[in-house]
Amino acid sequence: MQSMDTIAAVATPLGTGGIGVVRLSGPEAAAVADRVVRLAGEKTVAGMKGYTCAYGRAGDADGEIDEAVVTLFRAPRSFTGEEVVEIAVHGGVYLVNRLLRACVAAGARPALAGEFTRRAFLNGKLDLTQAEAVADLISAEGRQAARAALSARDGALYRRAEAVADALTGYAAHLAAWIDYPEEEIAEVDPAELGGGLRRCEDDLAGLLGTYDTGRIIREGISAAIVGRPNVGKSTLMNLLAGHARSIVTEIAGTTRDIVSDTIRLGEIVLHLSDTAGIRGTDDPVERAGVDLAVGELARAQLVLAVFDGSDALDENDLRVIRCCKDAVCIALVNKNDLPQRLDMEVIRENFAHVVTLSAKSAEGADALKKKIEELFLLERFDPSAAVVANERQRAAVADALAEVREAADALEAGVSYDAVCVCIERAVDALLTLTGRRATQEVVDQVFSRFCVGK
């Protein structure tokens, strides 16, 4: 266990609430708490049994702060692996901040962002993927994202990476022993057996890498742009998906000039949605600027919802929209299906692989849109309990390991020396140990914890 000082931070959001909690961690956590809280019945925090609570009154040099409930977690069976104390008072910015200042005056140091979880990592309570999962769990915006983060927090990714790393380490050890000690009675390396093992590791890593795109979408959501010519129902669709009047809806063409954005949840799908100006030819410089913004947003979006008026025939502006969507991941939405239909659906189906008919006004077809998005991004196959590559750091580590394993297998089949094969395998192991944090640099660790909030 690392020898560290005692840190303190507010562990609950600052604001009005039922309770506010200040967390302490370190060798002097109980002693600091005893200087701040006077427990009932002559008790002391240092004398409490672990995993119990006690009532008292918190105070500082200026007098009493508030009633308090103290909870003690004994080392090493705590989140950080150290002595941890949590002091709860009534929720409120003034009370909680005053309590934190009292703890600092009593000998604690203000914690840095993510320092509690960093200590858990340094004390062997978490690997690096589990630490990252803590941050993902806090920021999860949906049930699937939370389940995936919880699975990673429970070690799903760590176990899968370690299994591959252990297999590769065994291959490397056998090769090194065979190369370095030919005079010893070491089992001869079987190229076919080794090659088969390397290909199995390659398949495992490729499968793991394949979870990245879907996992990122589940965690971060999908950036989606609503586009179309004026008056096809883009703003009505935006308001339907947002659940409230987010965009202004009128019969006047060109009402939407700027991009209107909102984050909405469609079932378990989080959409970062942008309602754009109607795409059409115009001499109005302001409207033209809005059209340019719409085209730019379309190009940047992970998903484009191209809206067409099913009650009207295609015109030149509709064709302009179709041309703009040519290279985009796109769903064509044929709106106003509650009205007599005049749209040439053959043209739409010729230009779009994914088509949904709906009425943004009545909400008919919204479920079909949700299902189509799930299908398009393979979300229906997502298993939140499985190991998932959750961020770019993890993706790069797995990709590096995969490249090295593939090179080792190819080299073996090409008859390259065992020395070269062994070097590739060892590099793959290094990449996986970087993934889990067993061999991570200080720079990598700092990068991981830089996105944590203070108090976690």
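The values are calculated or read from the model by the stated rules, or taken from the named source; none is laboratory data. Just so you know, these numbers come straight off a predicted model, no measurement behind them. Cβ sites come from the backbone with ideal geometry, for glycine too, and all protein chains shown count toward neighbours.
Check Val388 against each of (1) in a helix (DSSP H, G or I); (2) buried (at least 17 other Cβ atoms within 10 Å of the Cβ); (3) under 34 Å from the mean Cα position of the chain (by Cα) and name the one condition it does not meet.
Going through (1) in a helix (DSSP H, G or I); (2) buried (at least 17 other Cβ atoms within 10 Å of the Cβ); (3) under 34 Å from the mean Cα position of the chain (by Cα) one by one, Val388 breaks only (1).
Residue under question is Glu183, and the condition is that it be at pLDDT below 90, assigned to a loop (DSSP other than H, G, I, E, B) and either outside the structural domain of Leu241 (by TED's automatic domain parsing) or aromatic (Phe, Trp, Tyr) (or both); does it hold?
yes
Can you tell me which residue among Val355, Val260, Val334 is under 27 Å from Gly142 (Cβ atoms), touching a helix residue (DSSP H, G or I) at 6+ places or on another chain (Cβ under 8 Å) and modelled with pLDDT of 90 or more?
Val355
Which numbered condition trips up Thr44, out of (1) surrounded by fewer than 21 Cβ atoms within 10 Å (Cβ to Cβ); (2) without any contact (Cβ under 8 Å) to a residue 24 or more places away in the chain; (3) within 21 Å of Thr12 (Cα to Cα); (4) in contact with a helix residue (DSSP H, G or I) (Cβ under 9 Å, 6 or more places away or on another chain)?
(3)
Based on this model, can you work out whether Arg101 counts as under 30 Å from Ser139 (Cβ atoms) and charged (D, E, K, R)?
Spelling it out, Arg101 is indeed under 30 Å from Ser139 (Cβ atoms) and charged (D, E, K, R).
Which residue pairs have Cβ atoms closer than 6 Å, lie 6 or more positions apart in sequence or on different chains, and pair a first residue in the stretch 279-290 that is in the same structural domain as Ala306 (by TED's automatic domain parsing) and part of a loop (DSSP other than H, G, I, E, B) with a second residue that is at pLDDT 70 or above and of a type in the set (D, E, K, R)?
Short answer, once both residue conditions are applied: Ile279/Arg229; Ile279/Arg320; Arg280/Arg229; Thr282/Arg288.
Checking the structure you have, find out if any residue of the stretch 86-102 is assigned to a loop (DSSP other than H, G, I, E, B), more than 30 Å from Val448 (Cβ to Cβ) and free of Cβ contacts under 8 Å to residues at least 24 places away in the same chain.
No.
Which of the residues that make up the stretch 49-70 are in contact with a helix residue (DSSP H, G or I) (Cβ under 7 Å, 6 or more places away or on another chain) and among the charged types (D, E, K, R)?
Asp60, Asp66 - these are the residues of the stretch 49-70 that are in contact with a helix residue (DSSP H, G or I) (Cβ under 7 Å, 6 or more places away or on another chain) and among the charged types (D, E, K, R).
Any residue in the stretch 64-76 that's assigned by TED's automatic domain parsing to the domain that holds Ile19: show its pairings with residues that are of a type in the set (D, E, K, R) and part of a strand (DSSP E or B) at Cβ separation under 7 Å, as long as the two are six or more apart or on different chains.
Glu64/Arg57; Glu67/Arg57; Ala68/Arg57; Thr71/Glu86
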